[in-house]
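Reviewing the structure listed below.
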Amino acid sequence: MNLRRYFSIYAALWKNSVAREMSFKGNFILWIIVELLWFGLQLSFVTVLYSQTSSIGTWTKWQMVLLVGASNFIQQIYQAFFLTNCTGLSELVRTGKMDFLLALPVNTRFIVSTRQVDLGAFVNAIFAVCVMIFAAGKLHLHPTAGQLLGFSLLCAMGVMIHYMLMFMLAAISFWTVRAQGIVWGYYNLFNIARMPDEVFRGAFKAVFTFALPILLVSNVPTRVLADKLQSPFWWVLLLALGAAWAVISEWFWKFSLRRYTSAST
C-alpha cells in the first residue's frame with residue numbers, strides 16, 4: 001500500500017513535469033539541440049584522437065566510441081531523473097521552501113529528489129543508445145542477453161552512484177546556503193568518465209576509481225558490453241561502492257537535515 005502511494009505521487013510529479021516542459025516547447029527543443037551538439041563534439045574529439053593513433057591502451061576507435069556513448073547515456077539518464085533536483089536543493093534551503101516539503105506526509109528525501117524530471121534528457125539518451133548500437137555493429141559485437149542485462153544493471157548502479165554523491169554535495173547547502181558551484185563542479189567531472197581508465201595512472205586514477213568511482217561508472221558497463229571484462233572483481237567493486245555510498249549518503253542527509261533552520265525563524 002505504501003509503495004502504491006509513492007508510485008501515485010511519482011506519477012503526479014511526472015505529469016507536472018510534462019506540463020511544465022510543454023509550456024516552454026522552444027526551450028525544450030533548444031536544450032536537446034545543445035546537448036546533441038556537445039555529444040557530437042565529443043565524438044569528433046574521438047575521431048581526431050584516433051587519426052593520430054590506432055589505439056589508446058587496449059581501446060580501439062570504435063570501443064572508444066562505445067565508451068563515449070555509454071558515458072553519455074548514463075549521464076543523460078542521471079540528468080533526466082536527478083540533476084535538476086540536486087542542483088535545486090540549495091534554493092529550497094535559501095528560500096525556506098524546505099519548510100513546506102518537511103511538512104508533507106511523505107519521505108522528505110524522496111520528494112526533494114524526484115520533484116522534477118528532465119524529459120529532454122531522455123531524448124538525448126536515445127541518441128546515445130543509437131551511437132552505441134552503431135559502434136557495436138562496427139565492432140561486430142553480438143552481446144548475449146546476460147551481457148545486456150549486466151550492462152543495464154551496471155548503468156543503473158552508475159546513475160545511483162552519481163545521484164548519491166551529488167546529493168551529498170548538494171546537502172552542504174544546509175551549512176553554506178548556496179552549494180550550486182560544488183554540485184556543478186562534480187557534474188563537470190563527468191567528462192572524465194568518457195575516457196578509458198587505462199589513460200590514467202597513480203593517485204588520480206585511485207581517487208576516481210575508489211573514492212569517487214567516476215571511471216568505474218562508465219568503463220565497467222562498457223567493458224561488459226565489449227566483452228573486455230576478464231574478472232568479476234570490477235563488477236563486485238562497483239556494486240560494493242554503490243552500496244557503501246548509499247549508506248553514507250543517507251547518513252549524511254539525515255545529519256545535514258538536523259542542521260536546517262527554518263527561514264521563518
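Read-outs throughout are calculated quantities, based only on the coordinates presented, and are distinct from any laboratory measurement. What you see is a predicted model, and the numbers here were worked out from it, not measured in a lab. All Cβ positions, even for glycine, are placed from backbone atoms using ideal geometry, and neighbour counts span all protein chains on display.
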- Note on the structure: Sorted largest first, the Cα spans of the range 59-102 on the principal axes come out in Å as 52, 14, 10
- Please compute the net charge surrounding residue 209, taking Lys and Arg as +1 and Asp and Glu as -1 over other residues with Cβ under 12 Å from its Cβ. 0
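How would you classify the range 1-79 from its alpha-carbon gyration tensor, with a ≥ b ≥ c the square roots of the eigenvalues: rounded for a/c under 1.5, else prolate if a/b is greater than b/c, otherwise oblate? Write down the numbers at each step before the final one.
Details: a/c = 7.81, a/b = 2.00, b/c = 3.91.
Note, shape of the range 1-79 comes out oblate.
For a distance above 22 Å, tell me the whole-number percent of Cα pairs in the range 3-157 that qualify. Walk me through the numbers on the way to the answer.
On the way: 6513 of 11935 pairs.
Distances greater than 22 Å cover 55 percent of the Cα pairs.
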- Relative contact order (percent, whole number), the chain, Cα cutoff 8 Å, 6+ residue spacing: 26 percent
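Could you work out the local net charge near residue 15, counting Lys and Arg as +1, Asp and Glu as -1, over the other residues with Cβ closer than 14 Å to its Cβ?
Values: positive: 20, 115; negative: 21.
Result for the local shell: +1.
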- Between the alpha-carbon centers of the range 106-159 and the range 174-219, tell me the distance in whole angstrom. 19 Å
- Query: What number of lysine-lysine pairs in the range 2-257 show an alpha-carbon separation below 25 angstrom, given a sequence spacing of 8 or more or placement on distinct chains?
  - Reply: 8
- Pairs of Cα atoms farther than 22 Å apart, the range 68-142, %: 42 percent
- Query: Among 40, 249, 149, whose Cα lies farthest out toward the positive end of the dipole of the chain, if unit charges sit on the beta carbon of Lys, Arg (+1) and Asp, Glu (-1)?
  - Reply: 249
- Charge context of residue 66, other residues only, Cβ under 15 angstrom, K/R +1, D/E -1: +2
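Find, among the chymotrypsin sites (Phe, Trp or Tyr not before Pro) in the range 162-265, those assigned to loop by DSSP (not H, G, I, E, B) with at most 10 other beta-carbon atoms within 10 angstrom. Let's see the in-between values first.
Working: sites: 163, 167, 174, 175, 184, 186, 187, 190, 200, 204, 208, 210, 233, 234, 235, 245, 251, 252, 253, 255, 260; in loops: 200, 260.
Here no loop site has a sparse enough neighbourhood.
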